[in-house]
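The structure under discussion appears below in the form of structure tokens.
The values are calculated or read from the model by the stated rules, or taken from the named source; none is laboratory data. Worth saying up front: this structure is predicted, and the values here are computed from it rather than measured. Positions of Cβ are generated from backbone atoms using ideal geometry, with glycine treated the same way; all protein chains shown enter the neighbour counts. Just the protein is used for accessible areas: all its heavy atoms, side chains included, with ligands, DNA and RNA removed. Shrake-Rupley method; radii C 1.70, N 1.55, O 1.52, S 1.80 Å.
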Amino acid sequence: MITDTALRLGRFPGSGEEYLFDVNESLMTIARPGRGKSQAMVIRNLLYLKGPAFVLDVKPEIHQATAAWRDAEVGPVIYYNPADIAGSVCFNPLDFVPDDPAGAFRFILNLVALLVVTPNAVKFNDFWESRAAQFLTAAIYDVAMHDPFGRRDMTSVVRWFSPSDEEAEDIIERLADADVQVMRNLSNTMRNMQPKMRENIFETARRHIEPWSYPGLEQLGFRTTFDLTNLRRDNATFYLCVTPEDLVSYATVIRTIIGLIYLHMRTAQDDWVLPPVTFFLDEFPQLGYLREIEKMMETGRQAGLRLWLFAQTMGQIRKIYGGDDEGFSEMVAVRSYMEPTGRLAEELSRELGKIPAGFYGKERPRATPQQLAGPEFVDKVLIIQGGKKFALLNRVMAFSDPGLTDRYPSPKLASP
Ligand SMILES: Nc1ncnc2c1ncn2[C@@H]1O[C@H](COP(=O)(O)OP(=O)(O)O)[C@@H](O)[C@H]1O
Ligand SMILES: [Mg+2]
């Protein structure tokens with residue numbers, strides 16, 4: 001039986017049966033551009049899946065192909081797109097800072113780890129970066145608790161890092177009166193710091209969060225206009241749409257939205273029995289090192305969420321999550337590959353291992369790198385489940401899936 005929450009990865013050749021994935025664990029798909037990540041995996045599944053979803057849409061094209069059907073048949077659509085201010089929902093992370101000082105401080109620590117884009121797990125602990133992160137904590141605390149610039153949002157946090165002498169004095173005084181010891185300590189640190197040192201640290205901090213004050217984002221960051229806590233109960237679909245050009249510069253925003261949605265899910269234990277939320281994260285390595293991705297994979301089964309990670313190469317992932325991707329690959333239940341070439345084909349050939357060939361215990365590779373990169377594997381999806389079970393499926397593109405002719409929108413006719 002195909003349930004509402006089953007994901008489809010392709011069809012078995014011969015029988016034509018669907019390969020179904022229907023557990024609360026994570027998936028990963030690696031393929032070069034144009035192999036069908038969007039068509040065969042994301043769009044196709046969004047046009048079948050009757051459960052809540054979060055979609056990082058980096059073209060953006062997925063929203064256009066799937067939003068109408070999901071809105072009509074699954075649940076409300078939430079659409080965030082900095083390039084479409086009129087149509088987009090707004091998001092202000094400071095709206096989620098609790099009122100009590102201790103709660104606010106704890107929340108802000110989590111928030112800072114999302115805001116600061118770190119290129120890899122090691123860089124996370126760099127001196128300048130960690131100093132900057134400390135002051136970012138102070139800036140958000142100050143803006144959230146005291147609203148010194150008349151806008152309790154990230155533009156004020158950016159503004160905080162370019163203070164006049166007088167404003168700097170005010171900051172030091174406000175932090176000296178804070179209810180949280182760490183803030184009082186930072187007040188002292190700031191008072192005793194050489195101006196040049198302060199300028200360097202503030203500059204580092206500002207660089208991380210500057211995109212929040214770019215035109216577009218600045219307008220979308222004033223307040224939050226959607227319910228981040230009801231995604232799952234409402235069977236909603238959240239589309240986060242950015243162009244490939246904006247993906248990297250807006251990473252701080254994207255990470256924060258994903259992270260806060262996850263933070264809520266992790267704490268909303270009453271909701272864990274509800275259908276899982278599937279996160280389709282196209283191009284996720286471009287978001288930098290994101291601790292939450294690892295946490296989501298660890299707690300997914302328990303909290304009922306499935307991460308589906310997409311990347312072009314394994315190298316992209318290694319660079320960010322550590323030299324050895326074994327750990328990362330082992331965290332996902334299923335990996336899928338389409339038309340692998342080069343180094344990836346070699347690695348996969350090795351992983352697929354050998355099979356008996358002829359007599360006298362002779363062996364040959366199950367598939368050579370040349371075969372993997374050749375015509376036999378065109379239009380196919382190679383599945384590795386749990387690091388040991390393999391399957392070779394026929395790839396099914398959404399636009400040519402006979403089951404989706406009513407759902408896949410036909411291209412709009414150009415107006416005369
Ligand atoms: N509506 C469509 N009709 C026909 N071909 C399409 C359509 N949309 C995409 N394609 C083609 O399908 C292939 C897979 O595209 P896509 O899923 O976007 O790749 P990826 O996401 O892996 O970069 C590409 O060759 C693309 O040109
Ligand atoms: Mg794509």
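Pro13 - would you say it is within 16 Å of ligand 1 (Cβ to nearest atom) and either in the same structural domain as Cys241 (by TED's automatic domain parsing) or not small (Gly, Ala, Ser) (or both)? Here the answer is no, as Pro13 does not meet what is asked. Here the range 351-382 is the region considered, the condition is being within 20 Å of Gln316 (Cα to Cα) and touching a strand residue (DSSP E or B) at 6+ places or on another chain (Cβ under 8 Å), and the residue that is surrounded by the fewest Cβ atoms within 10 Å (Cβ to Cβ) is Glu351.
Set side by side, the residues Ile78, Ile85 differ, and just one is open to solvent by 50 Å² or more (accessible area, probe 1.4 Å), touching a residue at least 60 places away in the same chain (Cβ under 8 Å) and more than 13 Å from ligand 2 (Cβ to nearest atom), which is Ile85. Among Tyr262, Tyr337, Tyr321, Tyr289, which is the only one that is touching a residue at least 24 places away in the same chain (Cβ under 8 Å) and within 16 Å of ligand 2 (Cβ to nearest atom)? After applying the criteria, what remains is Tyr337. If you filter the range 23-39 down to residues that are hydrophobic (A, V, I, L, M, F, W, C) and open to solvent by less than 10 Å² (accessible area, probe 1.4 Å), you find that the one that is nearest to ligand 1 (Cβ to nearest atom) is Ala31. For the range 55-75, taking the residues that are away from ligand 2 (no atom under 16 Å from the Cβ), out of contact with any Leu (no Cβ under 7 Å at 6 or more places or on another chain) and open to solvent by less than 60 Å² (accessible area, probe 1.4 Å), the one that is farthest from Gly216 (Cα to Cα) is identified as Val74. Number of residues in the range 57-82 that are within 12 Å of ligand 1 (Cβ to nearest atom) and polar (S, T, N, Q): the value is 1. Looking at this structure, is Leu20 aliphatic (A, V, I, L, M), more than 9 Å from ligand 1 (Cβ to nearest atom) and open to solvent by 30 Å² or more (accessible area, probe 1.4 Å)? For Leu20, the condition - aliphatic (A, V, I, L, M), more than 9 Å from ligand 1 (Cβ to nearest atom) and open to solvent by 30 Å² or more (accessible area, probe 1.4 Å) - is met. Scoring Asp95 on the criteria (1) outside any strand (DSSP E or B); (2) touching a helix residue (DSSP H, G or I) at 6+ places or on another chain (Cβ under 9 Å) leaves a single failure, condition (2). One residue alone among Leu175, Leu114, Leu136 is surrounded by 17 or more Cβ atoms within 10 Å (Cβ to Cβ) and modelled with pLDDT under 95, and that residue is Leu114. Please indicate, with yes or no, whether at least one residue in the range 287-305 is surrounded by 22 or more Cβ atoms within 10 Å (Cβ to Cβ), more than 23 Å from Leu109 (Cα to Cα) and in contact with a strand residue (DSSP E or B) (Cβ under 9 Å, 6 or more places away or on another chain). There is at least one residue in the range 287-305 that is surrounded by 22 or more Cβ atoms within 10 Å (Cβ to Cβ), more than 23 Å from Leu109 (Cα to Cα) and in contact with a strand residue (DSSP E or B) (Cβ under 9 Å, 6 or more places away or on another chain). Counting the residues of the range 200-256 that are of a type in the set (Gly, Ala, Ser) and either free of Cβ contacts under 8 Å to residues at least 40 places away in the same chain or open to solvent by 40 Å² or more (accessible area, probe 1.4 Å) (or both) gives 2. Within the range 339-350, restricting attention to residues that are of a type outside the set (A, V, I, L, M) and surrounded by 17 or more Cβ atoms within 10 Å (Cβ to Cβ), the residue that is farthest from Arg11 (Cα to Cα) is Ser349.
Among residues that are of a type in the set (Val, Ile, Thr), buried (at least 23 other Cβ atoms within 10 Å of the Cβ), outside any helix (DSSP H, G or I) and within 16 Å of ligand 1 (Cβ to nearest atom), Val42 is not included.
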